[in-house]
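Written out below as structure tokens is the structure these notes cover.
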Amino acid sequence: MKDAFLFLSQGSGPSTGYPLLGEETIGSDPDNTIVLPDETVSPNHATVSFQEGAWTVEDLGSDSGIIFKGKRVNKVVLSNEDTFQIGSFTFRFTEADIPDTRDQFFETVTIL
């Protein structure tokens, strides 16, 4: 099973990790899942969601957009270790295989 995360950084500061659990919203409004205190970020700037078997970041009609590989994009499918920018913030998308400890427990019980 793969778990997905967004790591957020600004400048040379430390990164903050966010697990991706469903549709996550990004913007300057405090009701977003990820709140960005930046005047260039729209109140409801973007979403990150799992669509058709892949994680996708999509712009919601913001003024400054999403920058991916140096170009402004409306929507992009994310691959492991991809980065994108919103305002002065950089996001790094990471997928990791996390073992399901429940399955390991039931295998152990079955063997015993």
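Any read-out appearing in this document is the output of simple, stated calculations on the displayed coordinates, not a laboratory observation. As the structure is a computational prediction, the values presented were derived from the model and not from experiment. In this analysis, Cβ positions are derived from the backbone assuming ideal geometry, glycine residues included, and neighbour counts consider all displayed protein chains.
Just a few scattered comments:
- Kirkwood analysis of the Cα pair distances in the stretch 1-63 returns a hydrodynamic radius of 12.5 Å.
- Crossing angle, helix 101-111 versus the chain [Cα axis fit, 0-90 degrees, rounded to tens]: 10
- Residue separation of Thr94 and Asn80 scaled by 0.36 nm, minus their Cα-Cα distance, works out to 4.5 nm of gained length.
- Mean residue ellipticity, 222 nm, helices only, the chain: the sum of -39500 (n - 2.57) across DSSP H runs of n ≥ 4, divided by residue count and rounded to 500, is -3000 deg cm²/dmol.
- For the chain, relative contact order (Cα pairs under 8 Å, six or more residues apart, normalised by length) works out to 25 percent.
- Once both labels are positioned 7 Å from their Cα atoms along Cα-to-Cβ, the gap between Ser15 and Ile67 label points is 1.9 nm.
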